[in-house]
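Derivation of every value follows stated rules applied to the coordinates shown; laboratory data play no part. The structure displayed is predicted, hence computed values, not measured ones. So basically every Cβ, Gly included, is an ideal-geometry build from the backbone, and we count neighbours across all protein chains shown.
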Amino acid sequence: MSKPILATTSLAGCFGCHMSILDIDERILTLIELVEFNKSPVDDIKTFTKPVDIGIIEGGCCNSENVEVLRSFRKNCKILISLGECAIMGGLPALRNGIPIEECLHEAYIGGPTVQLNTDHILPNDDELPMLLDRVYPCHEIVKIDYFLPGCPPRADLIWDALVALITGDPLKLPYEVVKFD
Amino acid sequence: MENIVKQIIDKYGSDSNRLMDILIDIQEEFGYISRKAIELMALTLGISQVDVEQVITFYHFLSVKPRGKYAIYLNNSVVSYMFGRQAIKEAFEKEVGTTFGKVTDDGLIGLFDTACIGMNDQEPAAIINNKVFTRLTPYRVREIVRHMREGRELEELSNESYGDGKNQHPELKAMVSSNIRRKGMILSDDYKTGKVVQSILPEMSPEAVIAEIKHSHIRGRGGAGFPTGFKWEFCRRAKGEKHYVVCNADEGEPGTFKDRVILTEKPELVFEGMAVAGYAIGGEEGILYLRYEYRYMKDYLESVLDKMREQNFLGSKIGEIEGFDFDIRIQFGAGAYVCGEESALLESLEGKRGEPRDKPPFPVEKGYLNFPTIINNVETFATAVRIIEKGGEWFTQFGTEDSTGTKILSISGDCMFPGVYEVNWGFNVEDMLDMVGAYDVQAVQVGGPSGTLIAKDEFHRTLGYSDLSTGGSMIIFGKQRNLLKEVVLNFMEFFIDESCGSCSTCRNMPQVMHNKLLKIINGKGVKKDLTDLKEWGKILLASRCGLGQTAGNPIISSLKNFHHLYEDLIQKDKEFDEGFDLTASVKESCKFVGRVPNFNHH
Amino acid sequence: MSNLIKFKIDGVECMAEAGTYIIEAAKKNGVYIPTLCNMPNLKPKGSCRICTVKINGRLMTSCTTPVADGMEIESTSAEISELRKSIIELLFVSGNHFCPSCEKSGNCELQALGYLYQMMVPRFPFDFPVKGIDASSPKIIKDQNRCILCKRCIKSIKDAEDRSFFAFRGRGNHLEVVLDAELASTMTDAQAEEAMRNCPVGSIIVKEKGFAIPIGKRKFDHNPIGSNVKV
């Protein structure tokens, strides 16, 4: 049997969850033995080149590009995992939910205390840019997600144990200390 | 202003248990309850200001902001919509020049939605400064608003002839029709007020009264159906310095209005029934807890009480019975469906937010002010008089074995003759529909939104505690109605608005279920949504009171009896759809930054 | 200890003084029943519904129901556990609970129950309600985003004249717990600390003080909620 293929991405996240993947330390060598990476920041493959077994999503969806990437993951991956608080519930980017979009944009580009150089009050509107969504969405409110691994970031042990369980088919043990929301 | 507020507080003996009365008086005097008034109440009653505010903000008819010289409350129950509410709403907004939820800039007119006001047989209806305006049309709306602008008195606004029967009484003068379509032992005119307290009770011990009530097998008419005789017996046995008799006239279940008719046409029977109960349990004080929507009856009911006192049907030594002292006062709610739940009602009576109490203890042990208390429905008290007059045995000949006697139904919706019908228990739905002239019926809501929505295949079922139990609300929906969109959604909104919010379950779950129903109605539903709704609805059963436990019933019951309506709406080709719409979700931001949405890049 | 009666929780024989509320009686017998609104020495008001148990086929809250002789209580069945888990999830989606940025994380009882019942994701859609933060009082911040309306602060924090600092405002899903502006100015440091301590979540935070204990060393970081009850 060929190795399971893995893909990962970070949507509206901070890459902290990816850092936590790296936090499995020397087990990463075993991981390379166990799986093959496809589209992922880990190997810098930009597009799917073959069907993928497991897709790992960090971050929720705050713009149209996030939605597009998430949908392509759903299309190309057999199993999708929401990794971390942002993917699961929007996380810190979702703090803007409930604030009118005009206010958010005004704060970011016109009126905010750190805005100094945008004297012409230009709002980014180039056609190539992703479009901002009305709020930040958890991934499972856009596509079907199969598994959820909470944490900010999810503990490396949780990621490792979950992946091994998925790949080997062994039951997943969840010690109290690995499932945390912070 | 200060002086008036002080006088009002004084009038109720600076008693925080009478906070509801104080707040209602202030609201009516000034059209709102000001910060200054709140400060004064807090200071005088020795509570914090937020404690006063938490009561105000609980009740729909109390407000910390001015509601206008004329405050218009337009009923938003489903039957109101069925009979043209939308046109009335638009007419009001156009004429008044503001939208619902707001007051005109000059402070003259405020427009507000309100839950069922007990006028389902004459919708659309509104309450304006405690007067009820029924059968509204856009023309009448224009006229009413014009007259308000001319500064006319409220009396002059209702230029229709007054309603029928006692609605024409000088103390009542309501434009309401009683619409009595069928009479039985309660609504018939063959009882002379005072007969029981004056001629029969002198021959009976309190225990004998309870025995007779038990023998009749009458069960509570409010909907829960607890055996009345046992309730009275438990209360009589409960130890306490005082025992209270409370009449629950907070009929808030959308679609019910039979208590309105009983209280208009037969109030003496209700009050005498309370006196009988007082005699039976050994209580001297009775309280009629009347929903604020029926405030228009206040003067009339007070005059009835006065007359009964004059005739010694109330007061001391009633019927010349030594020690039989009993009197009644009326206390009002202020707009909260949940106060129809007996323990929430007690909280409200004590001047608090109407949050149901945890049981045990039950009110018969610890009720009003912690004294043993019986709480019965208006209809139950009225019926008790006839039972004592003619005997429990006589009573059991009416109705069925497990549901004895008669039941007064409030029938409304798609039928020729909406109104109240007193029938024997055991009536079946089919006969009922034929009786009221309802043709091409799609569904009947039995027992109001908290009850059951039944389809044609269940019309053979009978009304009674062991089959179709009902507090009296029957709403008929014809073939032309969109049940999910017009009816079920409206009922869910009702429960969302009326939850007291105390339980985590009832505070949140109706909204979650409502949103999911809306998603299904909008064509975004999938099969899983139906199983979710069914499962999620069960969570509500962990709520404290009947409101919470039944708040999912509109969906649960339609899902069961009208499953095909849901099936028709869900997407067959999709397993997953959480309702996300990319085009809609980028619209706002694109507009603000000034770009045309573009979904084709990459 | 007079008047001892026998009852069963999940089939296990227990004993307690008659009239004790089930939740307390269970605790005395080493059985933990979770709650978010109940607190020792305060009049119970079953509002969070988490302590729901099944007795004779009926759902009852164990914080408001006294034990009775021969009572058989079902507390850890699949049905009850699932009910509790769903209520916890419901509380998560109906507020704005951003654990990673909350000062109470690790000491939060709602979060701890999420851990106990292994909530990986709430089954309900997130509501993201619009709620405010009241920082106008000198001593505390009242963050409505995190409030679960348990009433603990309302019942427990009173001034010398027994007036409540906190009270409900509104009803239904607009319900809030608000702080009395006038009394707030008289709140002592001790009262502020107690209010924060009694709050099961991070809705009441004492000003100018946060993260005194680092994440990873907090109450529920290593030990599940209720583990102190077990005998």
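Each part reduced to its alpha carbon centroid, the range C:183-231 and the range B:8-26 end up 39 Å apart. The residues packed around B:Phe371, meaning those with a beta-carbon under 12 Å from its beta-carbon, carry a net charge of -2 if Lys and Arg are +1 and Asp and Glu are -1.
Among C:His97, B:His514, the ranking by other beta carbons within 10 Å of each residue's beta carbon, starting with the fewest, stands as B:His514, C:His97.
Taking Cα pairs under 8 Å and at least six residues apart, what relative contact order does the range B:216-302 come out at, in percent? Dividing the mean separation by the residue count of the range B:216-302 yields 34 percent. Cross-link partners for A:Lys46 among the lysines, with Cα-Cα distance under 19 Å and sequence neighbours closer than 8 places in the same chain left out: A:Lys75, A:Lys78. Between A:Leu133, A:Leu11, A:Leu70, the residue with the greatest mean-square fluctuation in the GNM of chain A (Cα pairs under 10 Å linked by springs) is A:Leu133. Using a cutoff of 8 angstrom between alpha carbon atoms and counting only pairs six or more residues apart, the relative contact order for the range C:4-76 works out to 41 percent.
Explain nothing, just the number: relative contact order of chain A, from Cα pairs under 8 Å at least 6 residues apart, as a whole percent. Relative contact order, chain A: 25 percent. Fewest neighbouring Cβ atoms within 10 Å first, the residues A:Asp43, B:Asp414, B:Asp113, A:Asp126 line up as A:Asp126, A:Asp43, B:Asp113, B:Asp414.
For chymotrypsin sites (Phe, Trp or Tyr not before Pro), the sites in the range C:141-231 that DSSP calls loop and that have at most 11 other Cβ atoms within 10 Å are C:Phe211. Rounded to the nearest 10 degrees, what's the angle between the helix C:189-198 long axis and the longest principal axis of chain C, both from Cα atoms, 0 to 90? Roughly 40 degrees, rounded to the nearest 10. In terms of its C-alpha gyration tensor, the range B:484-569 has a prolate overall shape, because the principal axis ratio a/c (a ≥ b ≥ c, square roots of the eigenvalues) is not below 1.5 and a/b outweighs b/c. Counting only aspartates and glutamates at least 8 places from C:Lys230 when in the same chain, those with an alpha carbon closer than 16 Å to its own are C:Asp10, C:Glu13, C:Glu24. Computed over neighbours whose Cβ is under 14 Å from that of B:Lys192, the net charge equals 0, Lys and Arg +1, Asp and Glu -1. Looking at chain B, identify the longest residue range that excludes and avoids all GluC sites (Glu not before Pro) in DSSP loops having at most 12 other Cβ atoms within 10 Å. It works out to B:402-574.
Candidate cross-link partners of B:Lys131 among the lysines, defined by an alpha-carbon separation under 23 Å and a same-chain spacing of 8 or more, comprise B:Lys65, B:Lys69, B:Lys89, B:Lys94, B:Lys102, B:Lys166, B:Lys173, B:Lys258, B:Lys266, B:Lys298. Based on DSSP loop calls and a cut-off of at most 15 other Cβ atoms within 10 Å, the longest stretch of chain A free of exposed GluC sites (Glu not before Pro) is what? With a cap of 15 other Cβ atoms within 10 Å, the longest stretch comes to A:27-127. Sorted fewest first by neighbouring Cβ atoms within 10 angstrom, B:Met148, B:Met274 come out as B:Met148, B:Met274.
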